[in-house]
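Engineer: Take this structure first; my questions come after.
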Amino acid sequence: MTSTLVETEDRREYRATRRRGLAVDLSMTLATVLAALAVGFLVILATGKDPVAAYEALLTGPLERSFRVGRWLEDATTLTLLGLSVAIPFRARQISLGAESQLYAGALAAAVVAIFLPLPPVAAVIVPLVAAAAAGAGMGFVPGSMKARLGANEIVATLMLNAIVVRVYDYLVNGPLKEPGSSAVYSERVQPDSVLTPLTDWFGIPLGRSNVGLVLMLLTAAALWLLITRTPLGYRIRMTGANSDFAEYGGIRVPRAIEWSFVIGGAVAGLAGAHLVQGVYGRLEPGLAGSLAFEGIVVALLARNNPLVVVIAGLFYSYLRAGGDIMEQQTDVGTEIVVVIQAVIVLLVTAQALPDLLKRRIARKQAAHKQVGAR
Amino acid sequence: MSSGFDVVLSSAFLAAALRVSTPYLLAAFGGLVAERAGISNIALEGQMLAAACTGALVAGYSGSVALGALSGITVATLLGLLLAALRLELGADAIIAGIGLNLLASGATAYAVYTLLGDKGGTSGLDSGTLPTVPLPGIESIPVLGDVLSGQNLITWLAFLTAPFVAWLFYRTTFGFHLRAVGEMPDAAASVGIPVRRVQYAGLALSGALAGLAGVFLSMGYVSFFVRDMTAGRGFIALAAVFLGGLRPWGVFLAALGFGAAEALAVQLGTLDVPPQLVSTIPYAMTLVALALYAWRRKRRGVGQVAPASL
């Protein structure tokens, strides 16, 4: 079957448009990051510090020693998993802020299994991971079904769940799960068989607390990309996010798609909790996740909710976080400047009129160019 | 459980409940005004934090508590206007822009404190003082009532006056009518000549100012210094109170008061055998249930009563 000339023309034009869109997206992301770094530079300058020395430490520091690389990769694993966990509901246009509750639920489930349940070697790693994913998924199901079935506001529901789970976690770490006879607030260590193998064992160079969770994270990202782009469920989630009325009209059960997006996101956040317990700390500690849960949102936003890009964004972000700590040690510039840079990125990314304005201008210029050519 | 009742009825608990409720009340009213104006202000947390930090720093360096409080409120108001500008001028998603502003406040306050004082934790090294308390001569000597009401901070009184003020503003003034019209249906409001954008800017400025007052109370009333991330999620709880209160002034008042009382109770019960963390989950669990019931009822009726803004 040969296509007509008009068809090939059309297709070529379509592809060119897509390529242009992608190029604009990529350059916009790059421009956003550079603009945010510039803002940070100016702030450091304005507060009377040396921005060049600070940025040198920030941008080259994490690669200078192997254990710093390990610190970066370990942080990136957790952060990327959290970014992925937010990106899926975001794809269905659901603002889930519940990664924190899902992470802590996952951490608790993984810890309870890995500390108290005697299991044969390989199962000892896998079963806690599965338990964590299930606990996270359950924690995602609550606000998901409230939103899908009742129309309850998912932002408030997830925020309330965060408040509840964080307090219950705090209680359990300080009470029933505290290591007996210890004055410090920790749980017992997980059984040796449940530990995610450190990358140091694989490569023979000191890589800190980074572990095979990194590989697990990469596999998760690939699986989620396949799910979103290549499966019917992913299609339903995407259509729900693009236009839920149209999706409903086309026969998609929108509430189901919304529910699934929360459950899948929750499972991934649960895995992030398991990574902290089985890989990074080896036990439960108070305030395990810090501010990571909210920073996962930033990563998802920067990657425009594309699972593969989330990996790159997560690695980039953690690099800044790791670099910020080194910058603070080597210069007198506080690591908090990294948070400011992150905030500027979020604000620039969400200012949607900016890229659209630019795209429209490019399109107009091209149209004008074509008219001139036709003449 | 007699000891539990003793705690609830003690004047120390009641006084603490008023004190703890203060930031919740102010921030919740800030959230309410923004929500009814049609732009969700999830940046309450950041606005409080920025105000708390600015207030303590300015008061500490200038020696004037009033100037500190005023600059704190100004900064929070500007953040409210910035959120409105991002939403209205640049088409930003209000929720995501709010998250960005929260991050900005968290990073910028910590950076400022570290740069100025070289302290990671906060401004406890800086003598910034607190806003005045209000003694009530006459009532002071009445046994329980005096202990509860007298000696509360000025801002606590302001917080409790905010409820009638916002109710008056919403239902008795032209501005309030415009604000509600804009939030419910901006196109309809615009068609009858209401300046939609200007009303939304004004609403968000007021929202920021109220959150700022809440923040100033934290660093210049509750305690006398700024601590890093000292808002500790209060802005989000206030936002929940907005929804739990059904987007109505007196409903929000009761919800915010409930959150404050529950937190004070959790602190007071710390002396008993009940784990305080578990007690403090009660208001959040209640909110979750109320949220579900509210949505369920609305669904059965088929139409919403008050449309939650841009969510």
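The values are calculated or read from the model by the stated rules, or taken from the named source; none is laboratory data. A quick note: this is a predicted structure, and the numbers were derived from the prediction, not measured. No Cβ is skipped: glycine too gets one built from the backbone with ideal geometry, and neighbour counts run over all protein chains shown.
Engineer: For B:Ile99, are the conditions met, namely being surrounded by 19 or more Cβ atoms within 10 Å (Cβ to Cβ), part of a helix (DSSP H, G or I) and modelled with pLDDT under 90?
Structural biologist: For B:Ile99, the condition - surrounded by 19 or more Cβ atoms within 10 Å (Cβ to Cβ), part of a helix (DSSP H, G or I) and modelled with pLDDT under 90 - is met.
Engineer: To continue, here is another question. Counting only residues that are farther than 21 Å from A:Pro176 by Cβ and of a type outside the set (A, V, I, L, M, F, W, C), which one in region A:137-147 is surrounded by the fewest Cβ atoms within 10 Å (Cβ to Cβ)?
Structural biologist: A:Ser145
Engineer: Return yes or no: is B:Ala56 in contact with a strand residue (DSSP E or B) (Cβ under 9 Å, 6 or more places away or on another chain) and either farther than 13 Å from B:Ala211 by Cβ or outside any helix (DSSP H, G or I) (or both)?
Structural biologist: The answer is yes for B:Ala56.
Engineer: Oh, and also: Picking from B:Ala50, B:Ala43, B:Ala76, B:Ala66, which residue would you name as being buried (at least 24 other Cβ atoms within 10 Å of the Cβ) and away from every other protein chain (no Cβ under 13 Å)?
Structural biologist: B:Ala76
Engineer: Next question. Among the residues of region B:107-131, how many are touching a residue at least 24 places away in the same chain (Cβ under 8 Å), within 11 Å of chain A (Cβ to nearest Cβ) and under 24 Å from the mean Cα position of the chain (by Cα)?
Structural biologist: Number of matching residues: 5.
Engineer: Filter region A:177-224 for residues that are of a type in the set (D, E, K, R) and assigned to a loop (DSSP other than H, G, I, E, B); which is surrounded by the most Cβ atoms within 10 Å (Cβ to Cβ)?
Structural biologist: Out of the qualifying residues, it is A:Arg209.
Engineer: Is there any pair with a first residue in region A:47-66 that is farther than 18 Å from A:Tyr319 by Cα and within 14 Å of chain B (Cβ to nearest Cβ) and a second that is in a loop (DSSP other than H, G, I, E, B) and of a type outside the set (S, T, N, Q) whose Cβ atoms are under 6 Å apart and which are 6 or more apart or on different chains, and what are they?
Structural biologist: Correct list of pairs: A:Lys49/A:Val333.
Engineer: Let me ask another. Go through region A:70-176 and tell me which helices (runs of 4 or more DSSP H), entirely inside it, have 3 or more residues that are away from every other protein chain (no Cβ under 14 Å).
Structural biologist: The qualifying helices (runs of 4 or more DSSP H) are A:99-116, A:121-145.
Engineer: Further question on the same structure: Out of B:Leu25, B:Leu49, B:Leu57, B:Leu32, which single residue is out of contact with any Leu (no Cβ under 6 Å at 6 or more places or on another chain), modelled with pLDDT of 90 or more and more than 30 Å from B:Ala266 (Cα to Cα)?
Structural biologist: Just a single option satisfies the conditions, and that option is B:Leu57.
Engineer: Give me a count of the residues in region A:299-344 that are under 19 Å from A:Leu271 (Cα atoms) and within 14 Å of chain B (Cβ to nearest Cβ).
Structural biologist: So the count comes out to 3.
Engineer: So the check is Cβ under 9 Å with 6+ separation or different chains; which pairs have a first residue in region B:272-298 that's at the interface with chain A (Cβ under 7 Å from one of its Cβ atoms) and a second one that's surrounded by fewer than 19 Cβ atoms within 10 Å (Cβ to Cβ) and hydroxyl-bearing (Ser, Thr, Tyr)?
Structural biologist: Going by the 9 Å Cβ cut-off, the qualifying pairs are B:Pro275/A:Tyr171; B:Gln277/A:Tyr171; B:Leu278/A:Tyr171; B:Thr281/A:Tyr171.
Engineer: Of all residues in region B:80-96 being at the interface with another protein chain (Cβ under 8 Å from one of its Cβ atoms) and not acidic (Asp, Glu), which is surrounded by the fewest Cβ atoms within 10 Å (Cβ to Cβ)?
Structural biologist: B:Gly91
Engineer: Would you confirm whether or not region A:65-83 contains a residue that is out of contact with any helix residue (DSSP H, G or I) (no Cβ under 7 Å at 6 or more places or on another chain) and within 20 Å of A:Ala300 (Cβ to Cβ)?
Structural biologist: no
Engineer: Here is a further query. Hey, any hits in region A:253-275 for a residue that's at negative phi, part of a helix (DSSP H, G or I), within 14 Å of chain B (Cβ to nearest Cβ) and at pLDDT below 90?
Structural biologist: Yes - at least one qualifying residue is present in region A:253-275.
Engineer: Also: In region A:103-127, what residues are at pLDDT 90 or above and either buried (at least 24 other Cβ atoms within 10 Å of the Cβ) or of a type in the set (Gly, Ala, Ser) (or both)?
Structural biologist: A:Leu103, A:Tyr104, A:Ala105, A:Gly106, A:Ala107, A:Leu108, A:Ala109, A:Ala110, A:Ala111, A:Val113 - these are the residues of region A:103-127 that are at pLDDT 90 or above and either buried (at least 24 other Cβ atoms within 10 Å of the Cβ) or of a type in the set (Gly, Ala, Ser) (or both).
Engineer: How many of the residues making up region B:230-245 are facing chain A (nearest Cβ under 9 Å) and in contact with a helix residue (DSSP H, G or I) (Cβ under 6 Å, 6 or more places away or on another chain)?
Structural biologist: Qualifying residue count for the region: 7.
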